[in-house]
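I have placed the structure first, in the form of structure tokens, so that the comments after it can refer back to it.
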Amino acid sequence: MKVDVLVIGGGAAGCMAALQAHRLGAKVLMVVKGKMGRSGATPLASGVRLGPLTGIPPRLLSPLKRIYARVSDYVRLPLPKPFSGSLAGAVSTHFGLVDQEYFLDFGVWMQTFLPFVEESGLYLRRDDQGSLVAVAETGMFHSHGMTGYQFGESRRKDVLRAGIDVIEEATAFTLTSASEGNVGGAMVLDYRSGRLLAVGAGATIMATGHTDWLSTRATGTREMAANGLAMAVRAGAELHNVEIQWFHASDAAAPRSWMRLHHYPNPLHGSDRRVVMRNAKGDVYLDTADTKVAMPYTIQMKELYKQVGKGNADWDHGSFADFSGVEANALREYQYHWEFYRHAGKDMSRDLLECGITWHMCAGGIRADTKTMQTRVPGLFIAGGVGGHMLGSIILATFDGETAANYAVEYARRVVRRQVDAKDVELAERKLNTLSEVGTAQNVSPIAVKEQVRAVAWKHMMYRKSERSLHDAISELSRIRTDVVPHMRLRSASQSFNWDLVDALDVEDMIDVLEISAQASLARTESRGPHFREDYPFTDNKNWLKHVVVSREHSKIKTRIADINQKYIKLKRGRVDYLADPLA
Amino acid sequence: MIKLKIFCYDPSSSVDPCYEEVCITRTDNMRVLDALNSAYETLQHRSLAHRWFCGTKKCGECAITVNGKPVLACWEAASDEMTCEPISNFPIIRDLVVDTARYERDIIMKLRPWMERPTVPTFPEKVSHQRMRAAHSLSKCIECNVCSAAIPVEGVTPAGIQAAAGIGAAALVRFTRFLLDPRDQTNRHQLAETVGMRPFPNFSVLKTVCPQGIDILDEAVVPANRILFSSRAESQVEDDETTTIFVRSQNWSAFIRIDPQLKPVLVAAGTLTKADVPMFSEVYDLLDTVVDPKSS
């Protein structure tokens, strides 16, 4: 199979990348591990944040921004509203490590995108006067928890009606090279039928999202196993910020499948009140309204840490979300989980909701030039949460999808499309054959190994990390790799919808990425945002406004430190007590 | 403890379908999906095929039949004894996994479930929630196909399964969501005529079966029938009694929900032949000829 552009991933980023490349006349193939628009991070998105609305036509705004950026290389200019507020928010949400130029470009692009956001039928909630229902503090539209799946479904239909080739329930597991040091497509297992596909591509766009299921409790959906990060690293790309995991402190404790149900600590639609956190004794330990912060996720984690230390709560139980101060009507109208609790016999306007933490997302990801979304590996582009340049957002991911497609199509036009090399096919076949062996009751199943890997992350690489816990994580992961994985066998030989084989493929990727993440965590000898080192409980803006950049060379993990771009907003240098300063 | 009896079948193999029994430990607030995941982890000699992604009623991919009723596994509470089967009216891929892709491609997409208008207005367009309320409610549909599985099919042929009114309930919900959207300018009357839409039967089960809480009867069937066919809203509610049989044909196998009166007709006509499969009482092989319930 030969295409111009291969898009791996079917969320907001992948759909936009495929649509844009198709629009530019490229032959596109989309490979989706789950279901396009339905699995992955996109359907879980809470609302849409539409960025700064200027009212200035983009054809004027775009050159203005270019001039502004050029002048800013020499003199510091104040940033005009509304970009200043928007960028300051992004800097704070990304603990200072944000690509400021990228965020300004996004703000400009947003003006063009806005008219089209509801084009295919998406409806952002209005009031009876016809105005958008928004939360002023966050600029968040729609109802909490209800936007992502409607956005995803709308994009799904956009891609299907465009006639773009999509293979769903198929996992890309190795990037193939067009020539030495390039990426020229991927090997893909279509697990619905058991077919192995060799996809040769002029350019490959990785859009596999940010929300992987790498810890026992995580937000990532069933199929998310850090495959995108692992494949990219093996192909020679760099990752950055992967030491930083973003945690949710207030997701549903039970049942297990509902751990992805989030009790929002943010300002809420239709109310001035917010969630109050209580410990196992029933005492209030955090009123999120008091934080005055729109995204108080790290503050919640710090306060929970203190409660756990005192024995008043635990990481997966004994901490409660209390919404009783919020008007019942606002909860019923705008909170997705209202009906979940009603269904389970609870009233969220009255009852306490037990919480557990979840490993929500990797704050980092694949390092790329955010102007073009190209990685350091020629032919490999990225879009969306899989990148290290931003936290998740379906609109940012959409922006990336368009950028990546523009440059990927241009790149694909310059290179000769090739079939996948026979050597790559043979290697992939050998890998699959080895993993496809069926075992006996003495063997261990792939899902059992996955659970063991996740348990290591849950125990040693949780919010609370130290040099010791990270070394424990690395040695446990290495023990699983050498002692357990060789005994892993499938339980069924079926070619059709055999998730054992998919799970078996995932194991290597999960171990690879967790090891890299642990090494990067060791390198960052400070605490920052949700990256908390108990042995370095301070935020050090003098030395650590930097990226930890990781790559793999000859199967050794290599770490280097890179500067960040602080062109428009410069953070105060100096060092603060991480646990005492809520904003550290 | 929870006792699970799970339907297992690989149509690509020559092995007859069977039920796998497994006991698992009950956990707090457990859903059917948690029970299935636990079974998937527990079973030593079998890799159970069940499809799910999000666990929180967003992907719509975990619909199965539990004790005869189509449900969304992540939503339905786990009961002490559960017989789990794939949802009816869709071809089985393996075990609990069915092929819904063909239904989306061949039926749903033909009904153009998206909005079309000649010009895109400036954002944000002023439109009151009052006017959008009906479409908004239907846009909660996650295409899980629980509704399509809850009502009887029109017929079966070796080429496929003929859904109710030729389109099935999920497609009707998708179509009506845009029919009721005041912003949409697609000529849906013409579209309905082109694809040969017919008045949709008023199955009473459609009132309550949707896991997203949509009253499909009142919110989709009645308005669509009224707008497209000028049917009166208070038309007769259909008798919902159905029976489920397992049908094997050369090209597909599926649980099929049919009108109990239709079954003996099909058997008498020789279209369905009862097969002898251990543990099953209602397995039928489908003759390699077209079945038209009206002519038989």
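The values are calculated or read from the model by the stated rules, or taken from the named source; none is laboratory data. A quick note: this is a predicted structure, and the numbers were derived from the prediction, not measured. Every residue, glycine among them, receives a Cβ derived from its backbone with ideal geometry; neighbour counts consider all protein chains shown. For accessibility, only protein heavy atoms count, side chains too; no ligands or nucleic acids. Shrake-Rupley method; radii C 1.70, N 1.55, O 1.52, S 1.80 Å.
What the table below lists for this structure:
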read-out	value
More than 16 angstrom apart: percent of Cα pairs within the range A:141-253	72
Area of residue B:249 that stays accessible when all protein chains are in place (1.4 Å probe, Å², to 10)	20
Shape parameters for chain B, alpha-carbon atoms, Rg then Dmax in Å	20.2, 64
Cα gyration tensor shape of the range B:137-209, rounded if a/c is under 1.5, else prolate or oblate by comparing a/b with b/c	oblate
The range B:38-96: relative contact order in percent, alpha carbon pairs under 8 Å with at least 6 residues between	29
At 1.567 mPa s and 4 °C, Stokes D of the range A:59-143 from Kirkwood alpha-carbon radius, µm² per second	86
Residue range of chain A that is longest and free of trypsin sites (Lys or Arg not before Pro) which are both DSSP loop and sparsely packed (at most 13 other C-beta within 10 Å)	A:77-280
Length-normalised contact order for the range B:1-138 - Cα pairs under 8 Å, 6+ apart - percent	23
Two-decimal Rg/Rh across the range A:421-503, once Rg and the Kirkwood Rh are taken from alpha-carbon atoms	1.08
The range A:509-584-the range A:231-288 distance, computed between alpha-carbon centres (Å)	20
Residues of the protein assembly as shown: accessible area per residue with a 1.4 Å probe, Å²	37
Bins of 10 Å, starting at 0 and running to the largest distance - Cα pair percent for the range A:380-472	12, 18, 26, 31, 13, 0
Among B:101, B:165, B:149, residue whose mean-square fluctuation peaks in a GNM of chain B (springs only between Cα atoms under 10 Å)	B:101
Prolate/oblate/rounded label for the range B:105-149 (Cα gyration tensor, a/c 1.5)	oblate
Percent breakdown of C-alpha pair distances by 20 Å bin, ordered from the shortest bin, for the protein assembly as shown	15, 49, 32, 4, 0
Quarter of Cα convex hull surface for the range A:73-198, i.e. mean projection, nm²	13.5
Helix-only mean residue ellipticity at 222 nm for chain A, each DSSP H run of n ≥ 4 adding -39500 (n - 2.57), per residue, nearest 500	-10500 deg cm²/dmol
Coarse-grained scattering of the range A:456-508 at q = 0.13, 0.25, 0.26, 0.29 Å⁻¹, given as base-10 log I(q)/I(0) from a Debye sum over alpha-carbon atoms	-0.45, -0.92, -0.95, -1.05
Rg in Å to one decimal, and Dmax rounded to a whole Å, for the range A:1-127 via C-alpha atoms	17.5, 52
Accessible surface buried once B binds A (1.4 Å probe; total of both sides; Å²)	5600
Cα-based shape type of the range A:371-413, given that a ≥ b ≥ c are square roots of the gyration tensor eigenvalues and the cut on a/c is 1.5	oblate
Descending semi-axes in whole angstrom, ellipsoid equivalent of the range A:388-541, from the Cα gyration tensor	32, 29, 14
Mean separation of Cα contacts under 8 Å, 6 or more apart, over the residue count of chain A: relative contact order %	20
